[in-house]
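Report on the structure given below.
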Amino acid sequence: MRESQLETTNLKLETSRITGVILAGGQGRRMGGVDKGLRGLRGKPMVAWVLERLVPQVDEVLINANQNLDIYAQFGQRVIADQIAGYAGPLAGLHCGLSAASHSLIATAPCDSPFLPADLVARLKNALETQKAQLAVAKTGTQAHPVFCLCRREVLPHLTQFLADGGRKIDAWYATLHVIEVAFDDETEAFSNINTAEELAALEQPHS
């Protein structure tokens, strides 16, 4: 193989690799101010369920957390904290994920959705590449799920500026990008997230 062909092949391999970021940086206010990712569900922390689903889909996993960093580190993945103070929300988590990622594509999933689709990243990636979009986001029915996304690392400067200007709403930022929404109507329950102790108790029953 010629050197130029080898370089092209290596470039294609690099651009196809994906960093997964688990968003666990919130305060869990609706859960009573506890760290949701570490709350137990059927015998193990919720973040462990998310890791079990996400790890096989990506080439690297980062956990974005702003408290209990030493506990999160015990799950064997690199832990990264927001660069923006004050629990600034999922965009701050995406920002630090984009900044720390080793790969050109970044997939995100929240720590409180333990049954996320096993084919989430593949379907988002297919749409992102087919449509040449900057970001692909999961959608069920008419409801987009902005914390389940796949984006290109090249959006980092734009996001940095958006946050520096005081922007915090994820939908407002998405509106400035070339975004493709990807239907997951066949897996609607996979996007259920757990915000309260009552919702957690309800999911203690086996998931079918």
Report, largest value first, the span of the C-alpha coordinates of the range 15-107 along each principal axis, in whole Å. 41, 31, 21
Per-residue SASA entry for Asp185, accessible area with 1.4 Å probe, Å² rounded to 10: 90 Å²
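Counting pairwise Cα distances across the range 39-159, what percent come out greater than 22 angstrom?
Details: 2370 of 7260 pairs.
Tail of P(r) above 22 Å: 33 percent of Cα pairs.
Give the residue list of trypsin sites (Lys or Arg not before Pro) in the range 33-97 that are DSSP loop and have at most 13 other beta-carbon atoms within 10 angstrom. Spell out each step's value before the answer.
Working: sites: Lys36, Arg39, Arg42, Arg53, Arg78; in loops: Arg39, Arg42.
Hits after loop and neighbour filter: Arg42.
As an exercise, use a Förster radius of 41 Å and the Cβ-Cβ distance of Glu129 and Glu189 to find the FRET efficiency, rounded to the nearest 0.05.
Details: r = 27 Å, r/R0 = 0.66.
In this case the efficiency is close to 0.90.
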Ordering Tyr72, Tyr87 from largest to smallest accessible area (1.4 angstrom probe), what's the sequence? Tyr87, Tyr72
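The values are calculated or read from the model by the stated rules, or taken from the named source; none is laboratory data. All of these numbers come straight from a predicted model, not from anything done at the bench. Note that each Cβ is placed from the backbone with ideal geometry, even for glycine, and that neighbours are counted across all protein chains shown. Quick note on the areas: whole protein, heavy atoms, side chains included, nothing else; ligands and nucleic acids left out. Shrake-Rupley method; radii C 1.70, N 1.55, O 1.52, S 1.80 Å.
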